[in-house]
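All remarks here apply to the structure that follows.
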Amino acid sequence: LGSSGRSETSGTFEDSEVNFGEFFTDGIDFLSLDLLCKNEILTLKRAKRRNMERLQLICEGIAQNSVNDLSSEILRYTGLIYEHTLEKEKYTFVEEVKNSKSVIILVKRPNSHIIAQINDAIRDRL
């Protein structure tokens, strides 16, 4: 999943695998962030709303507004969550998901003309 340059992550999980991830559209206090980081839980804060909606489709997840609403029934499985930096932009990738209902294609080329041609070709094939 591509995230904007505004998104921030806890800890130093660059290019590494994690066992658990949480995603927030708002900020998170530093004490909670530190606790999550010490337990090797990837925390993506200030994620865009459209990315959160995509994550729900990808993982069949359920958005929660309160910690009190959390239960084991709403947790979903992903095989791999990692963050990777491509040309000054950070992207969060979610892979090996069961029953995914969404996909994102990352197109990377040297100039906008070639990217436009590739996007048109992909759109025509779909």
Worksheet item: What residues qualify as long-range amide H neighbours of L44, i.e. H under 5 Å apart, gap of 5 or more or another chain, H built at 1.01 Å from N?
Response: E22, F23, F24
Worksheet item: Taking a label point 7 Å from the Cα of L57 along the Cα→Cβ vector, which residues of the range 95-124 have an amide N closer than 20 Å to it?
Response: 95-108, 119-124
Item to complete: Count the net charge of all other residues whose Cβ sits under 12 Å from the Cβ of V107, scoring Lys and Arg as +1 and Asp and Glu as -1.
Response: +2
Discussion item. Need the list of lysines near K45 for cross-linking: C-alpha distance under 17 angstrom, and skip anything on the same chain fewer than eight residues off.
Written reply: K90
Item to complete: For an R0 of 35 angstrom, estimate the FRET efficiency from the Cβ-Cβ distance between N39 and V107 and round to the nearest 0.05.
Response: 0.50
Worksheet item: If packing is taken as the mean number of other Cβ atoms within 10 Å per residue, what is the order of 46-58, 97-109, 80-92, highest first?
Response: 46-58, 80-92, 97-109
Fill in: Cα gyration tensor, the range 86-126 - rounded (a/c under 1.5), prolate or oblate
oblate
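Any read-out appearing in this document is the output of simple, stated calculations on the displayed coordinates, not a laboratory observation. If you're wondering where the values come from, they're calculated on a predicted model, not measured in any experiment. All Cβ positions, glycine included, derive from the backbone under ideal geometry; neighbour counts span all protein chains shown.
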